[in-house]
Every structure is written in C-alpha cells, then in structure tokens.
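One structure is given below, encoded as structure tokens.
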Amino acid sequence: MAVANQAWKIVADLFGGVFLGLAAGFGADWLFGTRPWGIIGGVLLGFALSIYMARRTANRLMAQAKAAGVEPKSIPFDDEDEER
C-alpha cells in the first residue's frame, strides 16, 4: 500500500506542476492581455517544475530504500528480441 501512495505522490507532482503553470499562465494572460503566450509559457514552466518535483521525490524514495537496505531487482536483458 505504501508503494501505491508513493506512486500517487509522483503522479500528483507531475499533474500539479502543469496545472499550476496553466493557472499562472492564464492569470498572466488575463492581467497583461498576452493571450496565448502566457498559457504556453506557463504550461512549459509548469512542466519543467513538475519534472523537477517528481525527480526530487523519486530520488528521496530511492535514498530511503537504500538506507533501509533494499536492493533494486536486476532485470536481465534479453538479446533474442533484437535478433529478429
């Protein structure tokens, strides 16, 4: 259950940043009358912010797992798929 909560936290970081940027861009367009450039810039900045926040959360979770002694599972590479 804790893993699902952590995954939802990362999803919320991704969507939250974009929606925050969208709202800020809409507000800038309304205030300065620069439609659609404020929305475009806001969404791009919000996307960058959301990637930063999601990566920060993922790094924190990886550090917690490493401190707890949890080793990541290695998935073997299958060469047979590339030979076709």
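The values are calculated or read from the model by the stated rules, or taken from the named source; none is laboratory data. On a predicted model such as this, the values are computed, not experimentally measured, just so you know. Cβ: placed from backbone, ideal geometry, glycine included. Neighbour counts: every protein chain shown. These area figures cover heavy atoms from the full protein model, side chains too; ligands, DNA and RNA do not enter into them. Shrake-Rupley method; radii C 1.70, N 1.55, O 1.52, S 1.80 Å.
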Flag if Gly25 is within 12 Å of the chain's Cα centre (by Cα) and surrounded by 13 or more Cβ atoms within 10 Å (Cβ to Cβ)
no
Condition check: of a type in the set (D, E, K, R), at pLDDT below 95 and open to solvent by less than 100 Å² (accessible area, probe 1.4 Å). Does Lys9 satisfy that?
yes
Quick check: is even one residue across region 60-72 among the polar types (S, T, N, Q) and either over 23 Å from the mean Cα position of the chain (by Cα) or surrounded by 12 or more Cβ atoms within 10 Å (Cβ to Cβ) (or both)?
no
So, Ser74, is that one among the hydroxyl-bearing types (Ser, Thr, Tyr) and part of a helix (DSSP H, G or I) or not?
no
Consider Ala54 carefully, then state whether it is of a type in the set (Gly, Ala, Ser) and within 22 Å of Ala2 (Cα to Cα).
yes
For Ile51, which of the numbered conditions (1) assigned to a helix (DSSP H, G or I); (2) free of Cβ contacts under 8 Å to residues at least 12 places away in the same chain fails to hold?
(2)
